[in-house]
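Q: Sharing a structure, written as structure tokens. Questions coming.
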Amino acid sequence: MEHIALERIPHKRIRAFIQNQIDNNVQTVNDLEVSIPHGACTKALLKHELSFTAKHSIEDVWDFYNKTGPNKVFKNKLVSFALMLSKANESEVLYKEEPFSSAEIGQVYFMNLNILKGLVQIAVSYEIVAINEKKKFFEFSYIKGGKSTGLQRVSLVEVAPNQTKIIHTTHYRSKSDFRDRYMYPYFHTKVLQEYHLNMIEYIGRKLAG
């Protein structure tokens with residue numbers, strides 16, 4: 001983890017989160033632990049689900065979701081992309097403006113949430129734990145050490161030849177019941193709307209040439 005250039009990360013909360021991991025003896029990317037592994041039971045967690053519709057084929061939508069980096073779709077209003085690490089290649093660090101190739105299992109993303117117009121900032125980190133091209137879904141889990149424990153799945157369903165339903169299902173829990181019941185659903189909805197609506201707009205713009 002010491003190979004990360006903290007000075008290249010503009011977000012104070014992200015720098016502090018990474019430093020806290022290092023202070024807790026996380027020496028390499030592979031030492032980062034997910035809060036909920038793929039396939040684990042989620043019955044004890046709360047559930048949040050939203051769906052969106054893209055007027056494009058499921059293959060096109062799948063391709064863009066896998067090959068478009070978060071730095072392309074987040075507008076730095078509510079969510080800012082900070083960096084990405086890889087458990088498959090521990091020396092790899094993708095900073096904010098660098099080119100993204102494709103999503104892979106073991107990639108760890110660090111995002112900065114700007115709540116209440118920046119008055120509150122929260123560091124969020126998650127790892128891609130599953131990618132299923134046949135069933136058209138991918139899953140990611142929060143890294144331990146953050147505010148929330150949880151697992152999220154993005155599933156694509158073909159509604160018509162050029163219409164794809166995007167279902168984002170989140171199972172989550174934190175140490176605060178008030179946060180879980182009221183704050184998390186509200187802000188998580190806004191984050192998902194920013195991500196998926198921007199992605200759908202980006203897909204349409206790119207396919208239109």
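Q: Check 16, 44 and return the single one that is farther than 21 Å from residue 105 by Cβ, of a type outside the set (Asp, Glu) and outside any loop (DSSP other than H, G, I, E, B).
A: 16 is the lone residue from the list that is farther than 21 Å from residue 105 by Cβ, of a type outside the set (Asp, Glu) and outside any loop (DSSP other than H, G, I, E, B).
Q: A follow-up question, please. Of all residues being modelled with pLDDT of 90 or more and basic (Lys, Arg) in the stretch 25-82, which is surrounded by the fewest Cβ atoms within 10 Å (Cβ to Cβ)? Just the residue, please.
A: Step by step, filter the stretch 25-82, then rank; the result is 43.
Q: Listed residues 126, 65; which is among the aromatic types (Phe, Trp, Tyr) and either in contact with a strand residue (DSSP E or B) (Cβ under 6 Å, 6 or more places away or on another chain) or more than 21 Å from residue 189 (Cβ to Cβ) (or both)?
A: 126
Q: Within the stretch 113-163, how many residues turn out to be in contact with a His (Cβ under 8 Å, 6 or more places away or on another chain), of a type in the set (A, V, I, L, M, F, W, C) and under 19 Å from residue 53 (Cβ atoms)?
A: So the answer is 1.
Q: With the requirement that a residue be closer than 13 Å to residue 34 by Cβ and in a strand (DSSP E or B), what does the stretch 133-170 give you?
A: Scanning the stretch 133-170 gives 139, 140, 141, 142, 143, 148, 149, 150, 151, 152.
Q: Considering each residue of the stretch 123-144, count those that are surrounded by fewer than 17 Cβ atoms within 10 Å (Cβ to Cβ) and closer than 24 Å to residue 179 by Cα, and give that number.
A: 1
Q: Consider only pairs whose beta carbons are under 6 Å apart and that are at least six residues apart or on different chains; among these, list those whose first residue lies in the stretch 60-82 and is under 13 Å from residue 114 (Cα atoms) and whose second residue is aromatic (Phe, Trp, Tyr) and at pLDDT 85 or above.
A: Close Cβ pairs satisfying both conditions: 74/81; 82/110.
Q: Which of the residues that make up the stretch 165-188 are exposed (fewer than 14 other Cβ atoms within 10 Å of the Cβ) and touching a His at 6+ places or on another chain (Cβ under 8 Å)?
A: Of everything in the stretch 165-188, nothing turns out to be exposed (fewer than 14 other Cβ atoms within 10 Å of the Cβ) and touching a His at 6+ places or on another chain (Cβ under 8 Å).
Q: Output the number of residues of the stretch 171-207 satisfying the condition of being in a helix (DSSP H, G or I) and among the polar types (S, T, N, Q).
A: Total satisfying the criteria: 3.
Q: Now, a different point. Here is a check on your reading of the model: is residue 195 over 17 Å from residue 62 (Cβ atoms), buried (at least 17 other Cβ atoms within 10 Å of the Cβ), of a type outside the set (A, V, I, L, M, F, W, C) and touching a residue at least 12 places away in the same chain (Cβ under 8 Å)?
A: In short, no.
Q: Quick check: anything in the stretch 192-208 closer than 17 Å to residue 51 by Cα, among the charged types (D, E, K, R) and in contact with a His (Cβ under 8 Å, 6 or more places away or on another chain)?
A: No, the stretch 192-208 has no match at all.
Q: Is it the case that some residue within the stretch 109-131 is under 19 Å from residue 168 (Cα atoms), charged (D, E, K, R) and modelled with pLDDT of 90 or more?
A: Looking through the stretch 109-131, at least one residue is under 19 Å from residue 168 (Cα atoms), charged (D, E, K, R) and modelled with pLDDT of 90 or more.
Q: Of everything in the stretch 90-102, what is at pLDDT 90 or above and within 21 Å of residue 132 (Cα to Cα)? Give them in sequence order.
A: 102
The values are calculated or read from the model by the stated rules, or taken from the named source; none is laboratory data. A quick note: this is a predicted structure, and the numbers were derived from the prediction, not measured. In this analysis, Cβ positions are derived from the backbone assuming ideal geometry, glycine residues included, and neighbour counts consider all displayed protein chains.
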